[in-house]
Amino acid sequence: MKNLVINCGSSSVKYQLFDMATEKVLTQGLVERIGIPGSGIKHTKTGMDTLARVIDFPTHNEAVKYVLNLLIDPIYGVIKSFDEISAVGHRIVHGGESLIKPTLVTEEVINKLEKLIPLAPLHNPGHLQGIFAIMDILPNVPNVIVMDTAFHQTMPPKAYIYGIDYKYYEENQIRKYGFHGTSHEYVSKRAGQILGKPFESLKIISCHLGNGSSLTAVKNGECIDTSMGLSPLEGIVMGTRSGDICPGVILFLMRQLRDVELVSDALQKKGGLLGISGISSDLRDIEIAAQKGNKRALLAQEKLIYCIQKYIGAYTVAMEGVDVIIFTAGIGENGVDFRKEVCAKLECLGVKIDVDKNNCRGKEVIISTPDSKVTVMVIPTNEELTIARETLQCMEEQK
Ligand code: ADP
């Protein structure tokens, strides 16, 4: 049984084909710049060099068709026919309040996804394009959607409601939703397994720190709060996104720039580490510049560390304690010095880091000392495998 996992962005398609018996990735790749000059594909068959081709992909349909043909290619392919694909799992950024569990795609589900576009204008249209492309090319293969927002749907109203007129929640579903749910769920459950303790018995703070970053408080197996909001802009400062900001700043920008798209760019594409440092959105570049004495790079680095420390403090109180702190995603898995800096201020919570154990990248390691009051762990995330598993489970529930 083989499941294909597709993650369609507005101009990209990421994919992985899993053998579900072994959970091994057979092949994976990325199509970029769909509909933009210079589009192309990078495709890796496990154990072979990466194939990189520049090809004109005007829409997601051509891109998905090309990917599928590569899967059955005599050299770069890994299956003999499309009949070997049991199901396709799609990552969906925003499921709103109506799409929570992994769901088999039907006409009704497509209608729901279309209605959710105002809540996720940058993401959901791309996801729909991907679903339509698969339905067109593989009409007999079931499609399952797995939502980034799903894991956060257990948050209590006091965590998700915003302090504006309640009618915006009732009429427009304006509230905190949270994202990276698949990642937070995966690493939190993995922490329970590694520690040999039921996931439902732990108070966990999961720190997903990549280009986009969020922290989630998981108490007794359920998300009780998360740092991202209605959109993936809220929370800690990110690569190019502002994170938490006084709404007055947005009003100021509206008056100054007089264009919603320019304000959106200022908050989403030109803010964050890039905006503060003026150097880069990539923490590695910021760290190098800060070491060389660049003050704005140092400020960007300090701001990010401070944001994470504050959220950890807030979530510790929200859960009345914390048993486990998890670092995951690009920065969380690889930022050795960065983790040390974040944890330095957490000594007041009884956190003690083992410097040697912390000297690790991209593997599952407990980096706290045995006498630390809080267990601190690095756990590489695996959103695609989670989607493949949930797709399988959803198909089994249909039987
Ligand atoms: P995305 O959110 O796009 O999936 P990733 O999870 O791949 O991003 O994280 C990307 C970020 O990880 C980069 O911007 C970079 O700042 C950070 N990163 C990667 N390796 C390191 C490292 N060794 N030290 C510090 N940061 C790192």
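The values are calculated or read from the model by the stated rules, or taken from the named source; none is laboratory data. Here the structure is a predicted model, which means the values were calculated and not measured. Counting neighbours? That spans all protein chains shown, and the Cβs are built from the backbone with ideal geometry, glycine included.
Scanning the range 133-159 for residues that are surrounded by fewer than 18 Cβ atoms within 10 Å (Cβ to Cβ) and either part of a helix (DSSP H, G or I) or hydroxyl-bearing (S, T, Y) (or both) yields M135, D136, I137, T154, P157, K158, A159.
Among the residues of the range 314-321, not a single one is at pLDDT below 95 and farther than 24 Å from G163 by Cα. Residues that are farther than 26 Å from N124 by Cα number at least 3 in the following helices (runs of 4 or more DSSP H) confined to the range 213-329: 247-257, 272-277, 283-291, 295-318. Taken together, the residues in the range 194-212 that are within 20 Å of the chain's Cα centre (by Cα) and assigned to a strand (DSSP E or B) amount to 6. Selection of first residues in the range 318-331 that are closer than 14 Å to F199 by Cβ and of second residues that are in a loop (DSSP other than H, G, I, E, B) and more than 11 Å from the ligand (Cβ to nearest atom), restricted to Cβ pairs under 7 Å at least 6 apart or on distinct chains, gives the following pairs, ordered by first then second residue: D323/L202; D323/V374; V324/L202; V324/V374; I326/I379.
Residues in the range 84-101 that are assigned to a loop (DSSP other than H, G, I, E, B) and touching a Lys or Arg at 6+ places or on another chain (Cβ under 9 Å): G95, G96, E97, S98, L99.
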